[in-house]
Amino acid sequence: MPAPDASSRTRKVNRLGLTPSDYKGKPSTLCKGCGHDAISSQLIRAFFESDVRPHQVAKLSGIGCSSKTPAYFLNHSHGFNAVHGRMPSVATGAVLANRRLVAVGVSGDGDTASIGIGQFVHLVRRNLPLIYIVENNGVYGLTKGQFSATADENAALRSGEVNRLPNIDLCGMAIELGATYVARSFAGDPKQLVALLRGALAHNGTAVIDILSPCVTFNNHAGSTKSYTWGKDNEEPIHILDFVPAMDQIEVEYEEGTDQEVQLHDGSWVRLRKLERGYDPTDRRAAQELVLEANEKNLFLTGLLYLDTSKRTFLDSLELCDEPLALLSEDQLRPPPEVLDEVVASYR
Amino acid sequence: MSNKTALAEEAAPSEIESEPERIVNDLAIQVATVNGSGSQSSNLVLLRALFRMGIPVGGKNLFPSNIAGLPTWFTIRANRDGWVARKRNVDYLVALNPQTAVRDVESLSPGSAVVYEESLRLERRRDDLVFYPAPFQELAAEVTREVRLRKLLANMIYVGLLGELLSIEVEEIFGAIDSQFRSKKAAVELNRRAVEIGIRHARENLVKRDPFTLERMDRNRGKILIDGNAAAGLGAMFGGASVATWYPITPSSSVVEQLTGFLKRYRKGPDGKATYAVVQAEDELAAVGMALAAGWAGARAMTATSGPGISLMSEFVGLGYYAEIPLVIWNIQRVGPSTGLPTRTAQGDILSTYLLSHGDTKHVCLLPASTHECFEFGWKAFDLAERLQTPVFVLSDLDLGMNIWATEPFEYPDRPMDRGKVLTREDLERLGGTFQRYADVDGDAIPYRTLPGTEHPGAAYFTRGSGHDESAEYTESEEAYVRIMTRLDRKFETAREMVPPPVVDQAEPVSPLGIIGFGSSDPAIEEARTRLRDEAAIEMDYLRPRALPFCPSVLDFITARQRVVVLDQNRDGQLLQLLRAEYGDRIPPGVLRSLRHYSGHPMDAQTIVDYVTEMEIGAA
């Protein structure tokens with residue numbers, strides 16, 4: 001049985017000979033202590049530990065505090081900070097043009113759950129290979145603290161204003177719409193987050209990771225349900241999750257009946273040490289029930305909520321050639337003159 | 001069955017009783033039916049039969065925004081001189097729609113002919129027309145017992161009736177049926193039989209009393225019949241389109257639909273896999289977002305839409321302009337504002353498309369005037385977009401895009417693809433790894449770019465719609481903003497040199513009178529010029545811009561003349577406004593005259609002739 005990838009966590013260089021600093025970005029311009037910066041750090045770690053070639057990565061985002069962050073990790077990857085709520089379409093276009101890109105999209109709760117919810121819905125439905133990160137803080141930071149659609153009902157702003165509308169649960173939506181890798185995590189839980197990110201990197205399909213990422217300026221006060229304190233006090237992991245790369249598999253003993261392992265597309269594994277819930281993330285109905293329960297009881301359940309490695313991706317549906325469309329030669333793109341003659345003749 | 005003698009007497013007023021002159025190969029046939037009744041096949045057969053007889057011909061469908069039940073009119077114009085723009089007067093009406101028959105008949109000019117369902121009793125309505133009644137359903141019942149088919153085949157009956165009345169060669173009608181129904185043998189047989197029954201009925205029951213007739217010519221050798229959207233799709237395939245993302249909207253849907261048909265057939269690799277991706281997006285925002293990012297990542301990316309979609313694409317287009325990303329957008333214009341008349345034609349988006357998005361934006365727009373140019377610009381637009389690293393629009397319209405035109409066969413691209421300034425890994429190694437995304441290295445204001453996935457540590461840069469400097473770094477520095485915006489302005493000047501120049505046709509020495517018009521106005525302008533020359537001895541020079549920004553020759557054309565008519569198919573004279581904005585005081589006052597046509601109908605020559613004639617009388 002595979003064991004956790006313990007060795008790489010302590011390595012100074014990865015298998016590509018790169019150091020963690022080769023995965024760094026520009027200095028962040030976000031507020032000190034922002035949850036988003038913690039997530040950027042874990043992205044750097046996950047990409048480093050998973051030996052991802054930086055030039056193969058495309059970082060996509062919309063607009064908002066979260067969408068600025070692709071500038072703060074992976075300097076040697078192309079980045080595209082697009083328009084508000086439209087990261088999914090931009091990611092789709094980039095991946096269609098070059099299917100070899102490792103696409104990571106960063107969005108926020110305003111970007112995804114309000115202005116961009118249509119694009120989110122359709123992206124998930126298509127199962128485009130993409131890591132879709134939602135840096136979820138329940139407020140609009142850049143416009144100074146308005147509620148977003150993921151703010152919990154009855155949560156209060158620092159000003160005292162109370163949110164009277166129910167929240168949109170993006171994980172619940174993603175499962176409903178057919179996402180194949182759905183996780184919830186916390187910016188204050190780096191160990192779990194790195195494992196989830198590495199699992200997402202190994203997954204072929206849309207991986208939605210909704211991460212509670214407290215806004216230290218506008219939504220970190222008592223009464224907020226998106227604060228560090230609330231997260232720390234309320235986080236309930238549904239399992240202890242380890243990512244096991246294909247190459248690190250060694251036999252270890254584990255207690256029968258407490259673990260579950262699922263193999264991902266690249267041969268690596270996610271290993272789930274079950275906690276008291278005994279939860280199976282490959283069971284879609286169970287996943288939906290879990291999300292419902294969490295919402296009803298206001299529980300902050302984190303971990304890999306749902307995983308389906310059998311569904312075909314959008315690229316499979318389109319029957320795209322293996323070579324990236326962007327790299328096709330003129331011979332492959334422009335049919336010969338005989339084809340024009342043939343088509344023209346059909347219009348006579 | 002109608003009584004041939006009695007009716008002929010009833011409908012024979014004195015002015016057409018006398019020996020009518022023969023009018024050969026010059027008429028407009030209008031078929032008035034109910035949308036969804038299946039008349040389109042019959043109309044295409046009729047059109048193609050005339051085409052196969054070598055007569056210049058064009059077909060226009062005037063249809064409602066409806067699937068079934070509302071009136072629709074298909075007009076075929078055959079003209080020995082090659083004029084196939086809309087003709088205001090209909091010479092031959094096929095009246096099958098009870099909803100509109102009376103009004104259709106009332107709108108005809110004296111001497112016109114009406115082929116109609118006899119139960120409509122239209123012969124009572126006018127005494128200056130020639131009436132040809134026929135019991136369509138009864139005749140169709142002779143073809144088949146199946147009620148559903150009978151309705152469809154009633155349409156083919158009128159093809160037979162017109163065939164006999166207008167001397168259309170039967171073999172060419174049959175040939176057109178073969179090509180319309182291709183391999184469907186049973187359909188070919190039934191339709192041929194319906195045509196034969198129509199012919200027989202006309203021979204046995206109708207007396208030819210109108211002057212119109214058709215005769216074989218040789219004007220279509222080598223030509224094809226095609227709609228502009230098919231030509232656009234075909235051109236795009238030969239332009240190497242690799243990502244096409246779209247959202248259905250009339251009248252542009254058939255651009256990507258027909259492109260998809262071509263791609264499926266001709267753009268599969270040896271392993272049978274697609275060398276293209278076509279995605280029907282969830283809306284136009286997603287369609288343009290996908291295309292823009294595909295262009296960013298190195299694909300030849302396009303989308304096609306119409307007015308409402310253009311409005312939705314506005315924000316992304318501004319990003320494409322500012323972040324300098326290649327992309328081709330077809331705008332098949334229809335009547336606005338808002339939903340407008342979604343199935344009618346206009347040139348109402350030229351101003352908004354040219355300046356689409358907030359802030360200072362302006363875009364290269366190509367203006368095809370024929371199916372030939374739809375094909376040509378279909379592939380050239382990609383070269384321009386990638387060379388200039390900017391969204392390039394192609395502004396067609398419903399008349400050009402959805403109607404059927406005869407054209408010379410398309411010419412295979414005469415040059416290799418221009419993939420623009422893209423730095424590869426090898427280029428970066430040679431440059432020592434230094435690369436500034438938005439620096440003007442060559443002095444043409446066009447920077448260099450790299451594609452995501454380029455294996456070099458110096459290849460990456462960060463694309464953003466926010467303020468950036470030459471290194472693509474975020475900045476709010478006013479100097480950097482001004483530098484970048486000024487360079488973009490200079491890049492537009494580079495574009496001016498690269499876009500297709502205007503087509504100028506002028507007398508020697510030049511006439512004091514000129515006309516400027518673009519796109520689907522072209523056939524009407526050319527017809528009007530000939531008629532003005534022949535009928536009123538008025539020489540009118542013609543400049544047809546084929547792109548925005550304007551080339552310098554546009555100003556030269558204007559300033560060399562005393563009166564220049566600017567023809568717009570929109571209410572506000574948008575082309576006129578663009579000329580005024582571009583040239584301002586350099587155009588002497590009073591030179592530009594604005595002719596605006598915005599009924600939703602395709603442009604016709606008579607409107608131009610009337611306007612110019614009146615203007616010239618005033619000038620004299």
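The values are calculated or read from the model by the stated rules, or taken from the named source; none is laboratory data. What you are looking at is a predicted structure, and each value in this text was computed from that prediction instead of being measured. Don't worry about glycine lacking a Cβ; one is built from the backbone with ideal geometry, like all the others, and counts go over all protein chains shown.
Of everything in region B:410-456 that's more than 23 Å from A:G93 (Cα to Cα), surrounded by 15 or more Cβ atoms within 10 Å (Cβ to Cβ) and hydrophobic (A, V, I, L, M, F, W, C), which residue is farthest from the other protein chains (Cβ to nearest Cβ)?
The extreme case among them is B:A445.
Output yes when any residue across region B:203-224 is within 24 Å of A:E330 (Cα to Cα), surrounded by 20 or more Cβ atoms within 10 Å (Cβ to Cβ) and either under 25 Å from the mean Cα position of the chain (by Cα) or within 8 Å of chain A (Cβ to nearest Cβ) (or both), and no when none is.
So far as region B:203-224 goes, no, none of its residues is within 24 Å of A:E330 (Cα to Cα), surrounded by 20 or more Cβ atoms within 10 Å (Cβ to Cβ) and either under 25 Å from the mean Cα position of the chain (by Cα) or within 8 Å of chain A (Cβ to nearest Cβ) (or both).
Quick check on region B:442-468: of everything there that is within 41 Å of the chain's Cα centre (by Cα) and charged (D, E, K, R), which residue is nearest to B:G289 (Cα to Cα)? Spell out how you get there, then give the answer.
Taking region B:442-468 first, the residues within 41 Å of the chain's Cα centre (by Cα) are B:442-454, B:461-468.
Within this subset, residues satisfying the condition of being charged (D, E, K, R) are B:442, B:444, B:449, B:464.
Values: B:D442: 30, B:D444: 28, B:R449: 19, B:R464: 14 Å.
Result: B:R464.
Given the conditions (1) under 18 Å from B:L595 (Cα atoms); (2) in a strand (DSSP E or B); (3) hydroxyl-bearing (S, T, Y), and given that B:S521 satisfies all but one, which numbered condition is not satisfied?
Just one mismatch for B:S521, condition (2).
In this structure, is B:Y461 at pLDDT 95 or above, surrounded by 16 or more Cβ atoms within 10 Å (Cβ to Cβ), farther than 23 Å from A:L333 by Cα and not hydrophobic (A, V, I, L, M, F, W, C)?
Numbers: at pLDDT 95 or above: yes; surrounded by 16 or more Cβ atoms within 10 Å (Cβ to Cβ): yes; farther than 23 Å from A:L333 by Cα: yes; not hydrophobic (A, V, I, L, M, F, W, C): yes.
Yes; evaluated as a whole, the condition is true for this residue.
Residue by residue through region B:592-620, note down the ones that are surrounded by 15 or more Cβ atoms within 10 Å (Cβ to Cβ), in a loop (DSSP other than H, G, I, E, B) and more than 22 Å from the chain's Cα centre (by Cα).
None; the set is empty.
Does B:E527 satisfy the condition of being within 17 Å of B:G359 (Cα to Cα), away from every other protein chain (no Cβ under 14 Å) and either among the acidic types (D, E) or in contact (Cβ under 8 Å) with a residue 24 or more places away in the chain (or both)? Talk me through it step by step, then tell me what you get.
Working: within 17 Å of B:G359 (Cα to Cα): no; away from every other protein chain (no Cβ under 14 Å): yes; either among the acidic types (D, E) or in contact (Cβ under 8 Å) with a residue 24 or more places away in the chain (or both): yes.
Criteria not met by B:E527.
Take the residues in region B:267-278 that are outside any loop (DSSP other than H, G, I, E, B) and at the interface with chain A (Cβ under 7 Å from one of its Cβ atoms), then tell me which one is surrounded by the fewest Cβ atoms within 10 Å (Cβ to Cβ). Spell out how you get there, then give the answer.
Step one: filter region B:267-278 for residues outside any loop (DSSP other than H, G, I, E, B), giving B:268, B:274, B:277-278.
Okay, now just the ones that are also at the interface with chain A (Cβ under 7 Å from one of its Cβ atoms), so B:274, B:277.
Values: B:A274: 17, B:A277: 28.
Selected residue: B:A274.
Just to verify a result, which residue in region B:280-322, among those that are within 18 Å of A:A97 (Cβ to Cβ) and surrounded by fewer than 24 Cβ atoms within 10 Å (Cβ to Cβ), is farthest from the other protein chains (Cβ to nearest Cβ)?
Top of the filtered list is B:Q280.
So A:R125 clears everything in (1) within 14 Å of chain B (Cβ to nearest Cβ); (2) buried (at least 19 other Cβ atoms within 10 Å of the Cβ) except one condition, right? Which one?
The single condition A:R125 does not satisfy is (2).
Exactly one condition in (1) farther than 17 Å from A:I63 by Cα; (2) within 14 Å of another protein chain (Cβ to nearest Cβ); (3) touching an Asp or Glu at 6+ places or on another chain (Cβ under 9 Å) is false for A:V106; which is it?
For A:V106, the exception is condition (1).
Regarding region A:3-26, can at least one residue be identified that is touching a residue at least 40 places away in the same chain (Cβ under 8 Å), under 25 Å from A:A174 (Cβ atoms) and either out of contact with any Ser or Thr (no Cβ under 7 Å at 6 or more places or on another chain) or surrounded by fewer than 18 Cβ atoms within 10 Å (Cβ to Cβ) (or both)?
Checked region A:3-26: no residue is touching a residue at least 40 places away in the same chain (Cβ under 8 Å), under 25 Å from A:A174 (Cβ atoms) and either out of contact with any Ser or Thr (no Cβ under 7 Å at 6 or more places or on another chain) or surrounded by fewer than 18 Cβ atoms within 10 Å (Cβ to Cβ) (or both).
Within region A:78-90, restricting attention to residues that are within 7 Å of chain B (Cβ to nearest Cβ) and within 17 Å of the chain's Cα centre (by Cα), which residue is surrounded by the most Cβ atoms within 10 Å (Cβ to Cβ)? Spell out how you get there, then give the answer.
Going residue by residue through region A:78-90, those that are within 7 Å of chain B (Cβ to nearest Cβ) are A:78-83, A:86, A:89-90.
Right, trim to within 17 Å of the chain's Cα centre (by Cα) and you get A:79-81, A:86, A:89-90.
Working: A:G79: 26, A:F80: 28, A:N81: 26, A:R86: 29, A:S89: 34, A:V90: 31.
Ranking the qualifying residues of region A:78-90, first place goes to A:S89.
Would you confirm, using the coordinates I've provided, whether B:G235 is more than 18 Å from B:S396 (Cα to Cα), under 27 Å from the mean Cα position of the chain (by Cα) and within 14 Å of chain A (Cβ to nearest Cβ)?
Numbers: more than 18 Å from B:S396 (Cα to Cα): no; under 27 Å from the mean Cα position of the chain (by Cα): yes; within 14 Å of chain A (Cβ to nearest Cβ): yes.
It is false that B:G235 is more than 18 Å from B:S396 (Cα to Cα), under 27 Å from the mean Cα position of the chain (by Cα) and within 14 Å of chain A (Cβ to nearest Cβ).
Of everything in region A:1-14, what is at pLDDT below 95 and over 22 Å from the mean Cα position of the chain (by Cα)? Give them in sequence order. Walk me through how you get there before you give the answer.
So in region A:1-14, the residues at pLDDT below 95 come out as A:1-12.
Once the filter is applied, which keeps residues that are at pLDDT below 95 and over 22 Å from the mean Cα position of the chain (by Cα), region A:1-14 yields A:M1, A:P2, A:A3, A:A6, A:S7, A:T10, A:R11, A:K12.
Within region A:35-49, identify whether any single residue is within 9 Å of chain B (Cβ to nearest Cβ) and either in contact (Cβ under 8 Å) with a residue 60 or more places away in the chain or on the phi < 0 side of the Ramachandran plot (or both), and answer yes or no.
Kept after step one, since they are within 9 Å of chain B (Cβ to nearest Cβ), are these residues of region A:35-49: none.
No, the conditions are met nowhere in region A:35-49.
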